[in-house]
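First comes the structure, then the notes that go with it.
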Amino acid sequence: MAKRIDATNVTAYYGSFKAIENINLTVEPKTVTALIGPSGCGKSTFLRSINRMHEVLPGARVEGDLTIDGQNIYDRDVDVTAVRRTIGMVFQRPNPFPTMSIFENVVAGLRLNGLRKKSVLNEAAERALRAANLWDEVKDRLGKPGAGLSGGQQQRLCIARTIAVEPQVVLMDEPCSALDPISTLAIEDLMFQLKDKFTIIIVTHNMQQAARVSDRTAFFSIEKTGDPGRLIEYDNTQKIFSNPTQKKTEDYITGRFG
Amino acid sequence: MGETPSRSADAGTGGIRVASGQERPAGAPARVAESPVSTRTPGGDGLGGGGGLPRARAFGAERAFRGLTLAAGTTVLVIIAAIAGFLIAKAVPALRADTANFWTYEGWSPNDTTPRFGIGTLAFGTVLSSALALLIAVPVALGIALFLSHYAPRRLGTALGFLIDLLAAVPSVVFGLWGRDVFVAPVRDLSAWLNQYFGWIPIFGGDGPFGKSIMLGSLVLAIMVLPIVTSLSREVFLQTPTANEEAALALGATRWEMIRTAVLPYGRPGIIAAVMLGLGRALGETIALAMTLGITFGVSFNLIENGGNTIAANIANAFGEANDTGRGALIASGLVLFTITLIVNITARAIVHRRREFTESAA
Amino acid sequence: MTTTIANQHPRPPAQPPSLRAKRLPRYAAPAIALAAVVVAAAIVYGAGIGGPVLVVVLAALLHLAGLFAASNAVEGRRSARNRTWSALIHSAFVLAALPLASVVWTLVSKGVERLDGDFFGTSMNNIGARDPNGGAYHAIVGTLEQVGIAALITVPLGILCAIYVVEYGRGRFAFAIRFFVDVMTGIPSIVAGLFVLAFWVLVVSPVFNDGRPGFSGFAAALALSVLMLPTVVRSTEEMLRLVPAPLREGAYALGVPKWKTILRVVLPTALPGIVTGVMLAVARAAGETAPVLLVAGGGAAINFNPFEDNQSSLALFVYQQAGDASRYAPARAWTAALTLVALVLVLTVAAKLLARRNRLGR
């Protein structure tokens, strides 16, 4: 299922503003990769260009090659919707569809793909909710609005919704930044389990979190405001946090830890 | 600020100046509002001094002001009661004088010595023309609203949205004039064409003359409510949280699927409200229909022959030569119209309210 | 699918085998459009059932069907749906733009015909069916006076009512006021006219008028007030609610009594929004015909006194001229319509610009 991702000279723009420049990076299958760095360094932009969500914003575009198992997702004849189905995404704030029930939220992606049979959907919903460690909490109220759950539950619901369509890569854009510590732990546990099946790339501000959950860590930074973000260092997480080769990385990590 | 030092010795005034000065750099409006205050409390200026305990007279001003607002609020209730009261008082004598069945009689001659008039055909015409107008306008309006909010480039969408807002403000008499002078010609051609090839369908039957028909009235009405419904639903669509749209896109939705999953469900209460507002407008529309309908009495589903009438259009047309009973009869018909629009509005509010409760209990 | 999470279940059919998708070539859409036009023309002229308009309509329908079929065959159902809805949404725009553009075009092109000094300087007094001149001076005076009086009545009343509802009102009474303001929003303009007819013209004014019904500009202003009041109340209410609570609390903390806080802190903060609401209400009232028709009487001569004798208004003038048999009447109607629209649009644009400049709470 999981796939390998290669970024070659990826540069992304918002209109005329260059947000990231010449990012080169390889993500191995079935690993958790953390993207860290100061605010505005382009890590979220890079994440969003991996499943072509960057170009949703008006005026935004991406240059360079991004391949998934050798297939460039920015090729002209590539179907954007297929890319996004293969590379799912979990956002910073939990965003369940407010008008839909828990069940409808989970199967929303499957319904888009034309699945209508109730039994198949029920099965898929249970599977996804179990995988997101949410089943036991919501199995008795699947018909209730998804927005009625707590923040942490909503975020796990969004993860369930994302993995219900069986993507191969899951991108997470600061998935815990809006959550309390207990929910954060629950999601981190979940990442460990999901790693067996998916390639996971996570953007986080929280360095302990990056150290806890990821196998590899990429450090992004900018020279000054207005400059494009660059990839400074990319290595095994342990190496980055114990013995980084770049001075900037060390400054950032020690600075944050105090 | 621009006040004399002697006046700012007043503790109360000074306090307010600080507050308004902080929050509102443009102090001018704040000072403008001051003059009615001091006129309303002639003794207020002399009160201040030590800034000690509040005086009873300040409390009196508070009471007076509160009483004033309460009176204004009560006026609204009085007006509503007066509307109902006076309309009923004028309608009842006319209804008593009606020698025909008010609900079913097909015709309107309340000025005769034996007044005969009935609301049935008018109510039918009102509902028919409004329903047709909405049937035409709503899908188109929603399409335009989606185009402006989710398909057009943002700048174009904003500019055209502004234009639509302006069109929504164009008075109905202008649309009526246009319908009567300009639009009637293509509608007549279309009617003749429909009659020639689809004359076997009753709604397109008859043998003319065509033109000033229910079809013309409904189309003009549709064009009138179109900007209103578009403007409101565009606003609703623009309010869809970006997070939900992105969630749908990230699941691999096409643009249309994103609209169906995120935009339309989220906007449903707003759309219903917009449509109902449009319906209310269409039901009460007077002048545009008085200018475009052929004015006949009789229940007919024929859309293309000259004819058609509505309660409101009938009031405008029959008012000129109405005598006392005639006016009473028109007022009675106005009451019926008011009741219909009231039912529509209350239904709309109930729907929107219930929907909102569902989402709010969720939040 | 061998992991513990998902135990041997069939792969969902959804999973695309490849990211690549077959796409309709770029020339497909125009080609289908061309084919649709040709086929439509062949059908329409071949069978002799219509003209160019029918060709266009039929071609549009054929194009939609053809596009859906082609896309469905090559790209799949989801993409076909996406394309078809996109085409439908775009055509909705074109469809509506045509009549609306026609309204604007006719308004301007026919309206300029009588856009002269005579039109703005004279009334319709002693203008017969054969006189080409005549103007709307009396109607403009009427509109301005009626709308002005209506604003004088509704603005204080509406703002005070909104203050009561937002700041003081509690419980059932305030709820009742809000509810009935909502009800008032839905009153058709003709019903407002009937009300003033029944109340003022037929019952109250005869007392001052030797028992004759008193049609007047003031009666029209009353009717317009009934229509404006709910709009003013609602927009003021909305603006007052947007005033941030800390502002109020700041004033209370300084020992300022509530009424002073409302008048000097809350109202000035909400003022731009309230002005916007009032201007929009005025713009709407200026365009109303039906109530004026019922209660103002609609005279042809200039009458500056809104309290006595018949008065006209621009909207009513348009209606009367449109129904006039004189061959010079339509030109007068269109010019009056253009004037009216200009007046309404100036108010609306000003209100919108003001609203854009001062956005409370956004």
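Coordinate-derived values only; no laboratory data. Just so it is clear, the structure is predicted and the values come from calculations on it, not from any experiment. Methodologically, a virtual Cβ is constructed for each residue, glycine included, from the backbone with ideal geometry; neighbour enumeration extends over all protein chains shown.
Any idea what the relative contact order of region B:147-303 is, in percent, if you count C-alpha pairs under 8 Å spaced at least 6 apart? Mind showing how you got there, number by number?
Working: 148 pairs, mean separation 55.5, N = 157.
So the answer I get is 35 percent.
Hey, what does the equivalent ellipsoid look like for region A:187-258, semi-axes from the Cα gyration tensor as sqrt of 5 times each eigenvalue, largest first, whole Å? Could the numbers behind the result be given before it?
Numbers: eigenvalues 108, 39, 26 Å².
Taking √(5λ) for each Cα gyration eigenvalue gives 23, 14, 11 Å.
For region A:115-258, divide the Cα radius of gyration by the Kirkwood radius and give the resulting Rg/Rh value with two decimals.
1.06
Using Stokes-Einstein with the Kirkwood hydrodynamic radius over Cα pairs, what translational diffusion coefficient do you get for region A:5-257 at 10 °C and a viscosity of 1.306 mPa s, in µm²/s rounded to a whole number?
Details: Rh = 18.7 Å.
Stokes-Einstein gives a translational diffusion coefficient of 85 µm²/s.
Based on Cα coordinates alone, diagonalise the gyration tensor for the protein assembly as shown, multiply each eigenvalue by 5, take square roots, and list the semi-axes in whole Å, largest first.
For the protein assembly as shown, the semi-axes come out at 58, 41, 25 Å.
In region B:109-362, what is the volume of the convex hull around the alpha carbon atoms, normalised per residue and reported in Å³?
Per-residue hull volume (Cα only) is 150 Å³.
Rank these for me by crowding, C:Leu254, C:Leu280, C:Leu340, going from fewest to most other beta carbons within 10 Å. Could you put the intermediate results ahead of the total?
Values: C:Leu254 16, C:Leu280 23, C:Leu340 28.
Arranged by neighbour count, lowest to highest, C:Leu254, C:Leu280, C:Leu340 become C:Leu254, C:Leu280, C:Leu340.
What is the sum of charges, Lys and Arg at +1 and Asp and Glu at -1, for the other residues whose Cβ falls under 14 Å from the Cβ of C:Leu343?
Combined, the nearby Lys, Arg, Asp and Glu give -1.
After finding the eigenvalues of the alpha carbon gyration tensor for region C:134-283, what semi-axes result from the square roots of 5 times each, listed largest first in whole Å?
Semi-axes (√(5λ), whole Å): 35, 18, 13.
What does the convex hull of the Cα atoms come to per residue for region A:153-232, in Å³? Don't jump to the answer; show the numbers that get you there.
Details: hull volume 9.6 nm³, N = 80.
Taking the convex hull of the Cα positions in region A:153-232, it is 120 Å³ per residue.
Taking Rh as the Kirkwood radius, which is the inverse of the mean 1/r over Cα pairs, what is the Rg/Rh value for region B:222-313?
Taking Rh as the inverse mean 1/r over Cα pairs, Rg/Rh reads 1.21.
Just to be sure I understand the rule: take each whole DSSP H helix in chain C, project its Cα atoms onto its long axis, keep it if the span is 18 Å or more and its mean Kyte-Doolittle hydropathy is at least 1.0. Which ones pass?
TM-like helix candidates: C:28-47, C:52-74, C:137-163, C:171-185, C:217-242, C:267-286, C:329-357.
Return the tail of the calculated pair distribution for region B:77-168, meaning the percent of Cα-Cα pairs more than 15 Å apart. Present the calculation step by step, with values, prior to reporting the outcome.
Details: 3136 of 4186 pairs.
Distances greater than 15 Å cover 75 percent of the Cα pairs.
Okay, helix-only estimate at 222 nm for the protein assembly as shown: each DSSP H run of n ≥ 4 adds -39500 (n - 2.57), divide by all residues, round to 500 deg cm²/dmol; what do you get?
-19000 deg cm²/dmol
Given the protein assembly as shown, what percent of its DSSP beta bridges are antiparallel, to the nearest 5?
60 percent
Report Rg (one decimal) and Dmax (nearest whole number) for region B:56-97, counting Cα atoms only, units Å.
18.0, 60
I'd like the FRET efficiency for A:Asp251 and A:Arg61, computed as 1/(1 + (r/R0)^6) with the beta carbon distance as r and R0 of 51 Å, rounded to 0.05.
Taking R0 as 51 Å, the efficiency between A:Asp251 and A:Arg61 is 0.95.
Taking 8 Å as the Cα distance limit and 6 or more residues as the minimum spacing, I'd like the relative contact order of chain C as a percentage.
Relative contact order comes out at 19 percent.
Over region B:147-274, what number does the Rg to Rh ratio reach, with both radii from the alpha-carbon atoms and Rh per Kirkwood? Present the calculation step by step, with values, prior to reporting the outcome.
Details: Rg = 19.6 Å, Rh = 17.4 Å.
Ratio of gyration radius to Kirkwood radius: 1.13.
As an exercise, use a Förster radius of 51 Å and the Cβ-Cβ distance of A:Ser39 and C:Asp309 to find the FRET efficiency, rounded to the nearest 0.05. Don't jump to the answer; show the numbers that get you there.
Working: r = 72 Å, r/R0 = 1.42.
FRET efficiency, A:Ser39 to C:Asp309: 0.10.
Can you list the aspartates and glutamates whose alpha carbon sits under 20 Å from that of A:Lys239, skipping same-chain ones fewer than 8 residues off?
The reachable aspartates and glutamates, counting only those whose Cα sits under 20 Å from A:Lys239, are A:Glu28, A:Asp215, A:Glu250, A:Asp251.
Given 10 Å bins starting at zero, what is the percent of C-alpha pairs of region C:219-347 in each, up to the one with the largest pair distance?
12, 29, 25, 16, 11, 5, 1, 0
On the principal axes of its Cα set, how long, how wide and how thick is region C:23-105? Give whole Å, largest value first.
If we take the Cα atoms of region C:23-105, the spans are 40, 34, 18 Å.
So what is the relative contact order for region A:5-257, in percent, with contacts set as C-alpha pairs under 8 Å and at least six apart?
Here the relative contact order equals 27 percent.
Evaluate peptide A:47-58: per residue, the Cβ atoms of other protein chains within 10 Å of its Cβ; return the mean as an integer.
2
In nm, give the distance between the simple-model label positions of B:Ala100 and B:Leu238, each being 7 Å from the Cα along the Cα-to-Cβ direction.
Placing both labels 7 Å along Cα→Cβ, they lie 5.0 nm apart.
C:His90 to C:Ser18: extension gain in nm, 0.36 nm per residue of separation minus the Cα-Cα distance?
Between C:His90 and C:Ser18, full extension yields 22.8 nm more.
Over the Cα atoms, compute the radius of gyration (one decimal) and Dmax (the largest Cα-Cα distance, rounded to a whole number) for chain C, in Å.
Looking at chain C, its Cα Rg and Dmax stand at 29.9, 98 Å.
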